[in-house]
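Down below is the structure, laid out as C-alpha cells.
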Amino acid sequence: MALGIFMMLGILVSLGVFFTFIGQLDDIGRGNYSLLHVVEFAALQAPEKIVEYMPISILLGTILSLGSLASNSEIIAMQAAGYSVTQLLRAVFQTALFMALISFILADWVVPTSESSAREIRSSAINATQAIGGKKGLWIKDENRILHIKLLLPNGIARSIEIYQLDQHGRLVSITRAESAIPFNDQWRLNNVRQTMIGEKTIEVRNLDEMIYPGNISNALLDALIIVPRYMSILDLYAYLQFLRENNLDDSVESLTFWQKVFAPITVLVMCILAVPFILGSQRQGSAGVRIITGILLGLSYVAADKLMVQLGIQASVHPALNAIAPTLLFFLLAVFLLVRKQSHWPRRKD
C-alpha cells in the first residue's frame, strides 16, 4: 500500500513543482534572475508540495492499492482466511501513521528552511540587495549598508534593527539602531532610533523618534523575505502568536493556521481510513480509473468543505481549534458511518 501512496505523491508533487517552475519563467531577466535560479526555486518548493499533497496522495494511494487487491480477489481471500475489518484497518492505519510522521517532520523542520532559502534565492537575484537568513535574524546588504534584522514579522513589521553604514573604502562610519521599522509608501520608517556617527577622532550619538531609511529596502523585497505563518514551524508560530497577543494585535488568522498545523497529521490518518469503505462494497467491480475519479472527488470534497467551514467559522467567531478540526472531524464521522454500513459485506469470523 505504501508503494501506491508514494507513487501518487510522486506524481502530484512533480506536477506541483513543474507548475511552480512554469510560473517563475516570466521573471527570468528581472535583475539577475536566471533559469538556474528558477530551477533552484522550484526544487526548494518540493518539501512544501509534499506536505500539501500528502492527504490526497494518502486517499488516492490507499484506494488504488486496496482496489488492486480487490480486483485480484485478494480481499475475498482475506475474508476466507478470517481477517476482520478491524485487522484491515489496523494495517492501513500503520501505513498512514508512518506517512503522517513524515508529513509532520517535513512541515515542522524542512519546509521552514527550504521555503526561506527559496525566497532568499529569488529576492537576492531579482533585487539589487543581497539577503541571508539565519537563526539570529536576517542580514541584508544594500549598496554600502549592512542591515541586521533580528525579527521580521509576517505583517511586514521588523523588530530590533541594526544598520551599519560603510564609506567607499569599506570603513564603518555610522551605526543606527531602531526598536522597530514599518513599511510606509514603499519606504521604511524606523522608530525609536539611536544613531552613532563615527568620525576619525570623534563619536557623536543622537536619538530620534523616527526616521526614514535612506536605502532601497522596498515593500516588494520585504514581502519576498517574509515567511508566512503556514510555512513556520509550530514553535515559531506559537512564539509569534504570543507576540501578537502581548501587543494586543489581531491573531485570528495566525491562530487558525497554528491549529491547522497541529491537526494536519490527523487529517492524513482520516484520509486513509476514509478510503477503506469504498473498497469493501465493490470488491471486484470498477476499474482503476473509476477508483482514481472516486478518490479525486473525495479529495475535492474535503478541500471544498475545509474552505467553506473555515470561512463560516471565521464569520461566526468559532474558536480556532474547533474551526481547524471541524472539516477533518466531519470526514472522520463520514468514514465511520460508511464503515459501519459496508461492514455487513464482510463475513464475521467464526471461532
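The values are calculated or read from the model by the stated rules, or taken from the named source; none is laboratory data. Worth saying up front: this structure is predicted, and the values here are computed from it rather than measured. Here the Cβ is made from the backbone with ideal geometry for all residues, glycine too, and neighbour counts use every protein chain on show.
Listing for the model above:
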| read-out | value |
| --- | --- |
| Residue match in region 191-200 (condition: among the β-branched types (Val, Ile, Thr), in the same structural domain as LYS150 (by TED's automatic domain parsing) and not in a strand (DSSP E or B)) | no |
| Which listed residue is surrounded by 13 or more Cβ atoms within 10 Å (Cβ to Cβ), of a type in the set (D, E, K, R) and under 27 Å from ALA43 (Cβ atoms), from GLU115, GLU210, GLU162, GLU179 | GLU115 |
| Which listed residue is modelled with pLDDT under 90, surrounded by 13 or more Cβ atoms within 10 Å (Cβ to Cβ) and not charged (D, E, K, R), from ILE292, ILE234, ILE266 | ILE292 |
| Condition broken by SER282, with the remaining ones in (1) modelled with pLDDT under 80; (2) over 27 Å from LEU60 (Cα atoms); (3) not in a helix (DSSP H, G or I) satisfied | (2) |
| Filter pass, SER180 being within 34 Å of the chain's Cα centre (by Cα), at pLDDT 85 or above and at positive phi | no |
| Subset of region 28-47 (residues that are within 23 Å of the chain's Cα centre (by Cα) and part of a helix (DSSP H, G or I)) | HIS37, VAL38, VAL39, GLU40, PHE41, ALA42, ALA43, LEU44, ALA46, PRO47 |
| Some residue of region 163-171 being touching a strand residue (DSSP E or B) at 6+ places or on another chain (Cβ under 6 Å), of a type in the set (Asp, Glu) and either modelled with pLDDT under 90 or in a loop (DSSP other than H, G, I, E, B) (or both) | yes |
| Test for VAL110: is it touching a residue at least 24 places away in the same chain (Cβ under 8 Å) and either touching a strand residue (DSSP E or B) at 6+ places or on another chain (Cβ under 7 Å) or not in a strand (DSSP E or B) (or both) | yes |
| Among (1) at pLDDT below 85; (2) surrounded by 15 or more Cβ atoms within 10 Å (Cβ to Cβ); (3) farther than 30 Å from SER57 by Cα; (4) not aromatic (Phe, Trp, Tyr) - the single one LYS135 does not satisfy | (2) |
| Contacts under 8 angstrom Cβ, first residue in region 293-310 being over 16 Å from LEU12 (Cβ atoms), partner of a type in the set (Phe, Trp, Tyr), 6 or more apart | THR294/PHE278; ALA305/PHE331 |
| Subset tally (residues that are among the hydroxyl-bearing types (Ser, Thr, Tyr), surrounded by fewer than 20 Cβ atoms within 10 Å (Cβ to Cβ) and touching a residue at least 24 places away in the same chain (Cβ under 8 Å)) for region 1-52 | 2 |
| Pairs, first outside the structural domain of ILE102 (by TED's automatic domain parsing) in region 58-81, second modelled with pLDDT of 65 or more and not aromatic (Phe, Trp, Tyr), C-beta under 6 Å, six or more apart | none |
| Test: residue in region 314-322 that is in a helix (DSSP H, G or I) and either surrounded by fewer than 12 Cβ atoms within 10 Å (Cβ to Cβ) or not assigned by TED's automatic domain parsing to the domain that holds GLU52 (or both) | yes |
| Verdict on GLY156 being surrounded by 15 or more Cβ atoms within 10 Å (Cβ to Cβ) and not in a strand (DSSP E or B) | yes |
